[in-house]
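K.L.:
Starting off with a structure, shown below.
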Amino acid sequence: MKNTHLTADAYALPPEGALQHSSMSQIVPGFLERMNAVFASERSNQFLLVGNIHDLVDARSLESNEAFLPVINFLLARLASRDHTPIRYDIGQGLRFYNSKDERSCRKVFAKSKNTDEKLFDTLLTRSRTDQACALQFLAELCQLPLKKPVSIVIEYAELLFPAADAAHMHDADRRRLALMRDWLADPRFHAHRGALFLVAETAASIHQHIRTMPQMMCIDVPLPVDHERLSFMQWMQANDEHIHLGDTTERLATFTAGMSLTDLRSLFRDARWANQEVSRSRILTEVNRLLAARIGDHIELVEPSHNLNDVIGQSALKVELQKQQQLMDLDDPHLSPVGILVAGPNGVGKTYIYSAWAASCNRLVVHLKNLRGSYYGETDRIFEQVRGVLEALGKVIVFIDEADTQFGKPDDQTHETEARLFGSLISMMGDPQNRGRIVWVLITARPERLAPDLKRSGRAGLH
């Protein structure tokens, strides 16, 4: 087996016209719909946004000068359009109001409620750039002001404010911020507040568990764009730039960009325009490989087997069974496709060789999981969260876990809590109905008795 770039054959192409969204269609992000449902039902007004938070979002439904905005800017613009008072906060630049009119209104009401002059407001605004505890207290007070428009707050880089560390080893300043935030989130007055609070971080695991596990905190994943979102963006880019030339239809090229964000696509189009070259399948696939390597490091390995089942001598009965499973996978029916396969046998009998050959015959991308454990507190959870996001974005993959008994052995009373969480995360991902038919797991081991029964049952690696 050799390391390689993705090939065109690693992706199954849809028929012409399978993606029917027009270039001017306005795509409502799925994560926004989920937040709207929670907020409108008054279930919660506290959200933790994780995942693809640095990407672009279709903003053509808003009165914006740009058709696509960064996620944070889009969220602020939408809040403003819904008669909220949006405030943006990060530890680098402090508090910033979305517009000056809202800032002036808050300044006057704050001075009146505190029975003081407006200089105190400006002083606290300035201190928010250097004193994070002061900034959090100030934000909590702004939420309780009797304003005509409710205050909604977006806190960026939340993992820097509330890092996932052992409380016993945290600095006093970190513990103080943690206590202030918990008091704020648990305050019944804030639950009744008409505005909302958004914490933004790349992964949920990077946020301290005392924050992310609060009863009212709703974790919302911002996924990588799906096919029709990438298609809509590519059509818009092509319609607004006559110097962009495509080497194939946008529908077909959109399929090859699985795993890319809209920001990645924009860079790809601009680079092709500068080089006066076509946006071709080979160019896209080269970029996908580079981006995946940069995004997930050495935690997963993309490989392309250099052989197929025709190169396997003997094992006739096994090859017949594997070809049957391949035919079921080709039907694209999640109820028929295998979820996982447990491959057991002594060392040296060719387990990896045979199943790599089968993967090549299935015309799917092959992914090897490795180095999933981190050295620092919370790092293992963060790594798996990133890997899961990439696998679910790629889709149509076969995931190999070699020496599965050493990587995911049977947990017991002596198992460390980090290992137990990693095992639970794997079980959850394998059993997720949305991944069935898209992600097929191959667990290879010489000691199957060391694997937990939960891994070997039907609905996970149920085919032995």
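Each row is one residue, and each column tells you yes or no for (1) farther than 25 Å from M329 by Cβ; (2) aromatic (F, W, Y); (3) modelled with pLDDT of 85 or more.
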residue	(1), (2), (3)
E417	yes, no, no
A420	yes, no, no
S425	no, no, no
Q434	no, no, yes
T445	no, no, yes
P448	no, no, yes
D454	no, no, no
L463	no, no, yes
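K.L.:
Okay, next question. Name the single residue that is farthest from E63 (Cα to Cα) among those in the range 76-132 being aromatic (F, W, Y) and within 35 Å of the chain's Cα centre (by Cα).
P.N.:
Looking at residues that are aromatic (F, W, Y) and within 35 Å of the chain's Cα centre (by Cα), I get Y89.
K.L.:
Now for a separate question. Residue under question is E42, and the condition is that it be at pLDDT 85 or above, loosely packed, with under 13 Cβ neighbours inside 10 Å and not in a helix (DSSP H, G or I); does it hold?
P.N.:
Considered against the rule, which asks whether it is at pLDDT 85 or above, loosely packed, with under 13 Cβ neighbours inside 10 Å and not in a helix (DSSP H, G or I), E42 comes out as yes.
K.L.:
Okay, moving on. Could you grab the pairs with beta carbons closer than 8 Å, sequence gap of 6+ or different chains, first residue in the range 53-81 and closer than 18 Å to N240 by Cα, second one small (G, A, S) and assigned to a helix (DSSP H, G or I)?
P.N.:
Every condition considered, the pairs that remain are D58/S232; A59/A77; S64/A77; L69/A77.
K.L.:
Could you go through the range 331-346 and let me know if any residue there is part of a helix (DSSP H, G or I), open to solvent by less than 80 Å² (accessible area, probe 1.4 Å) and not small (G, A, S).
P.N.:
Looking through the range 331-346, none of the residues is part of a helix (DSSP H, G or I), open to solvent by less than 80 Å² (accessible area, probe 1.4 Å) and not small (G, A, S).
K.L.:
Select from the range 91-108 the residues that are part of a strand (DSSP E or B) and either open to solvent by less than 40 Å² (accessible area, probe 1.4 Å) or in contact (Cβ under 8 Å) with a residue 12 or more places away in the chain (or both) and list them in ascending order.
P.N.:
Within the range 91-108, G94, L95, F97 meet the criteria.
K.L.:
If you go through the range 183-194, how many residues are assigned to a helix (DSSP H, G or I) and either farther than 19 Å from L142 by Cβ or open to solvent by less than 90 Å² (accessible area, probe 1.4 Å) (or both)?
P.N.:
Looking only at that region, the number is 5.
Per-residue answers, yes or no, for (1) modelled with pLDDT of 95 or more; (2) part of a helix (DSSP H, G or I):
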{"residue": "L136", "(1), (2)": "yes, yes"}
{"residue": "L139", "(1), (2)": "yes, yes"}
{"residue": "L145", "(1), (2)": "no, no"}
{"residue": "V154", "(1), (2)": "yes, no"}
{"residue": "A165", "(1), (2)": "no, no"}
{"residue": "A168", "(1), (2)": "no, yes"}
{"residue": "A173", "(1), (2)": "no, yes"}
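K.L.:
Same structure, new question: Checking the structure you have, find out if any residue of the range 243-251 is buried (at least 20 other Cβ atoms within 10 Å of the Cβ), closer than 22 Å to V390 by Cα and of a type outside the set (S, T, N, Q).
P.N.:
Checked the range 243-251: at least one residue is buried (at least 20 other Cβ atoms within 10 Å of the Cβ), closer than 22 Å to V390 by Cα and of a type outside the set (S, T, N, Q).
K.L.:
Give me a count of the residues in the range 425-462 that are in contact with a strand residue (DSSP E or B) (Cβ under 8 Å, 6 or more places away or on another chain), open to solvent by 20 Å² or more (accessible area, probe 1.4 Å) and assigned to a helix (DSSP H, G or I).
P.N.:
Qualifying residue count for the region: 3.
K.L.:
Another question about this same structure. Tally up the residues in the range 226-235 that are assigned to a helix (DSSP H, G or I) and surrounded by fewer than 21 Cβ atoms within 10 Å (Cβ to Cβ), please.
P.N.:
3
K.L.:
Looking at (1) modelled with pLDDT of 65 or more; (2) under 24 Å from the mean Cα position of the chain (by Cα); (3) open to solvent by less than 40 Å² (accessible area, probe 1.4 Å), can you tell me which one Y11 breaks?
P.N.:
Of (1) modelled with pLDDT of 65 or more; (2) under 24 Å from the mean Cα position of the chain (by Cα); (3) open to solvent by less than 40 Å² (accessible area, probe 1.4 Å), only one is false for Y11: (1).
The values are calculated or read from the model by the stated rules, or taken from the named source; none is laboratory data. If you're wondering where the values come from, they're calculated on a predicted model, not measured in any experiment. Methodologically, a virtual Cβ is constructed for each residue, glycine included, from the backbone with ideal geometry; neighbour enumeration extends over all protein chains shown. Protein only, heavy atoms only, side chains kept; ligands, DNA and RNA dropped before computing areas. Shrake-Rupley method; radii C 1.70, N 1.55, O 1.52, S 1.80 Å.
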